[in-house]
Amino acid sequence: MATFALIHGGGSTSWDWHRVIPLLERAGHAAVAVDLPTEDATSTLDDYVQTVVDAVGDREHVIVVGHSLGGFTAPLACEALRAEGLVYLAAMIPVPGETFGEWWANTGHDRETIDDDPAVSFFNGVPESLAAEARSHERGQTGAWFSSPWPADHHPAVPTRGILGKDDQFFPAPFMRRQIRDRLGTEAVEVDGGHYLALSEPEAVATALIAFAEEVVGERGDP
């Protein structure tokens, strides 16, 4: 059994994972979704990581999953937890010394054509009623850490997977394939869905995470 530490994206909450968690648990895994202190302007990435560490506690066979902006937190939490695996789910993949602001140009995302309408760029594929509920859960996203260099000097030396959404309009599939190949040195795992994969295609997300857990944890994670 694996324990999935699920990290939401910018201005979101643990609610984002509510459709995925039951599927992971049904397969015999545990899942812990966190609420990062996104509205606290004084919060640092260290604070974000500590939030994840506190939520996971002493659970074992941890796989850290970061969605979207959660990609800046996930590898740091992976190191702090001594996790056994790391997943970037439609996520930003930082490199040492890179700021949040620099990421957009460094990865070439600033050359992508992105629709200004969140219904298209973020919520495509999400049923309207569910998208409306997601908007009701949105929070402010702030933090001085945006202008600070990403503090790690390497990516965690654990099995790592980059998963993209084939219909993602915010991080388009061709862009994500390049980012995953250039920054992780691996090929992307591609699943159906837009940017909010955990809402639009929870079965596809859960299936990909469970398959990864079987590779990483395998029989060592059996209760």
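Could you work out the relative contact order of the chain, using alpha carbon pairs under 8 angstrom and six or more residues apart, expressed as a whole percent? Show your work: numbers first, answer last.
Values: 439 pairs, mean separation 55.8, N = 223.
About 25 percent, as a whole number.
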By average C-beta atoms within 10 angstrom, highest first, the peptides 83-93, 20-30: 83-93, 20-30
Normalised convex hull volume, region 105-223, alpha-carbon set, Å³ per residue: 166
Residue-averaged [θ]222 nm for the chain, counting only DSSP H segments that reach four residues, each worth -39500 (n - 2.57): -9500 deg cm²/dmol
Phi to ³J(HN,Hα) by Karplus 6.51 cos²θ - 1.76 cosθ + 1.60 over region 33-46, Hz, x for Gly, Pro: 9, 10, 10, 6, x, 5, 8, 8, 5, 8, 5, 10, 4, 4
log10 of Debye I(q)/I(0), alpha-carbon scatterers only, for region 24-63 at 0.35 Å⁻¹: -1.21
Centroid-to-centroid separation of region 32-82 and region 155-223 [C-alpha atoms, Å]: 18
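What is the Rg over Rh value, at two decimals, for the chain, using alpha-carbon atoms and the Kirkwood definition of Rh? All intermediate terms of the calculation are to be shown ahead of the outcome.
On the way: Rg = 16.0 Å, Rh = 17.2 Å.
Radius of gyration relative to Kirkwood radius: 0.93.
Read the figures in this text as sums done on the coordinates, not as results from a lab. Note that this is a predicted model, so its numbers are computed, not measured. Here the Cβ is made from the backbone with ideal geometry for all residues, glycine too, and neighbour counts use every protein chain on show.
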